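S.K.: The structure's right below; bear with me while I get my questions together.
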Amino acid sequence: MININNISSAYGRVNLIGEHTDYNGGLVFPTLIPEKTTVQLTLSPSHSHSSSYLVSANSNNDTISYLLGEEKNCSHWSDYLKGVTKILREENFNIFGYNININIESNLPMGSGLSSSAALIVALFRAMVNAFHLNLSDIDIAKLGQRVENEFVGARVGIMDPMVISVAQNPGQALFIDTKSLCYQTIDIPDSLEILVINSGISHSNRSGGYLKRREECEEAAKILNTTYLSDLNLQNLSEYKRLLFSQQSTTSSNAETLFKRVRHVLSENDRVLKLKDAFINLAASSSSLNLIKDLFASSHLSMKNDYEVSIPEIDRLVELVSSEPHIHGARLTGGGFGGSVVALVEKGYKEIAYKNILSKQQQL
Ligand code: GLA
């Protein structure tokens, strides 16, 4: 029995640590945030005699429609919906027989590094799964969600965002994910800490520019170092990788230096993910873990700034400002970079006051 009317939603995410490791077969440690995207899907019988079905959707009073089977990318929010129906068709799921009407509401800011796009994609998949009783697991949705971005939208993102958004249950838990095997472990945010997200207001995009360039640089380095994934390399062998990158004839020395820095970021970041996960688990038993957590956030940010070069001066200043606030136990740029948000850990009970102080100082930046 088809489900004629249903409401599905998906939370946004913030990545605690493990940046630009997901498309390098590495480790990530994201968590859900309370802001979410909600999709109301209604099916109505098609009165047309041909087998063409209309999909119509509305978001923020912007209404679009297209015929199922005629999905075309037009650099618009509706590309996410078109990508979802196209991939479902390609995978031979039966989503035919009805006109589909969708209403989207979201309190996730777009372009803020909090995965508004993956939340929309996962909410749409959930709505389609509920409406047509499709046999898709949470991990299937994550994989198809990444394909929507890669193959239809044209953003060569990794699997972290759809994976955590589809698989994790509630804000307050983090997911330690091995993006190569897709094995994951749920880790509770320590009781003594809360997560604070500060949106810089500088919009970022994963479709082009720096994000794409970084991905290509990693692919180039992996080729020279004869590995499929940079994350399969060993942090202890960095000097050997440096020698190999500089000895490659086709790379200029500045290019070799750049590639080496990208490799160093990926390998050191994977190491920080492991350490942060252990520090979260050990925090109740050892207060020294708190210092380690702060150091890991600081070194992750420095690595994104100096080795991966995805930060910008405005974000560096914001990270500095947030880090200097009392009761903050770590702050860093989160997400793809070149704008977006800063994630911080704050001592429980001090989130609101810290946020207020930061906002008033941010206005003076
Ligand atoms: C964006 C992408 C993710 C990941 C991060 C950087 O959020 O969607 O796949 O690569 O950037 O860690």
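What follows draws every value from the coordinates through simple rules; no lab data is involved. Bear in mind that the values here come from a model prediction, so they are computed numbers and not experimental data. As a convention, Cβ positions derive from the backbone with ideal geometry for all residues, glycine included, and neighbour counts pool all protein chains shown.
S.K.: Tell me the mean residue ellipticity at 222 nm calculated for the chain from its helices only (DSSP H runs of n ≥ 4, each -39500 (n - 2.57), averaged over every residue, nearest 500).
M.R.: -12500 deg cm²/dmol
S.K.: Next up: Using Cα positions and a limit of under 16 Å, work out the aspartates and glutamates in reach of Lys277, with same-chain residues fewer than 8 apart set aside.
M.R.: Result set, ordered by chain and number: Glu19, Asp178, Asp188, Asp191, Glu194, Glu269, Asp295.
S.K.: Using only Cα atoms, tell me the angle between helix 78-90 and the longest principal axis of the chain; keep it within 0 to 90° and round to the nearest 10.
M.R.: Once rounded, one gets 70 degrees.
S.K.: On to the next question. Working from the pairwise distances between different alpha carbons, so that the mean of 1/r is found and then inverted, what is the stretch 195-293's Kirkwood radius in Å? Spell out each step's value before the answer.
M.R.: Working: mean 1/r = 0.0631 Å⁻¹.
Kirkwood hydrodynamic radius for the stretch 195-293: 15.9 Å.
S.K.: Which of Thr334, Thr251, Thr31 ends up with the largest GNM mean-square fluctuation for the chain, with Cα atoms connected below 10 Å?
M.R.: Looking only at Thr334, Thr251, Thr31, the largest GNM fluctuation is found for Thr251.
S.K.: Roughly how tilted is helix 253-282, in degrees to the nearest 10 and between 0 and 90, from the longest Cα axis of the chain?
M.R.: Helix 253-282 sits at roughly 80 degrees to that axis.
S.K.: Here's another thing I want to ask about it. Which residue fluctuates the most in the chain, going by a Gaussian network model with Cα springs under 10 Å, if the choices are Ile293, Ile195, Ile139?
M.R.: Ile139
S.K.: Send over the Kirkwood Rh of the chain, from the inverse of the averaged 1/r over different Cα pairs, rounded to one decimal Å.
M.R.: After inverting the mean inverse Cα-Cα distance, the result is 21.5 Å.
S.K.: Grab the other residues whose beta carbon is less than 9 angstrom from that of Gly330, score K and R as +1, D and E as -1, and report the net.
M.R.: Every neighbour counted, the sum reads +1.
S.K.: What's the angle, to the nearest 10 degrees (0 to 90), between helix 351-362's Cα axis and the longest principal axis of the chain?
M.R.: 80 degrees
S.K.: Which one, Leu136, Leu276, Leu267, has the greatest fluctuation when you compute a Gaussian network model over the chain with C-alpha springs under 10 angstrom?
M.R.: Comparing Leu136, Leu276, Leu267 in the GNM, the peak value goes to Leu136.
S.K.: Could you tell me how far the Cα centroid of the stretch 62-135 sits from the Cα centroid of the stretch 176-201, in Å?
M.R.: 26 Å
S.K.: Over 21 Å between C-alpha atoms is what I'm after, so list which of Lys36/Lys361; Lys36/Lys356; Lys213/Lys261; Lys294/Lys351; Lys82/Lys143 land there.
M.R.: Distance filter (> 21 Å) returns Lys36/Lys361; Lys36/Lys356.
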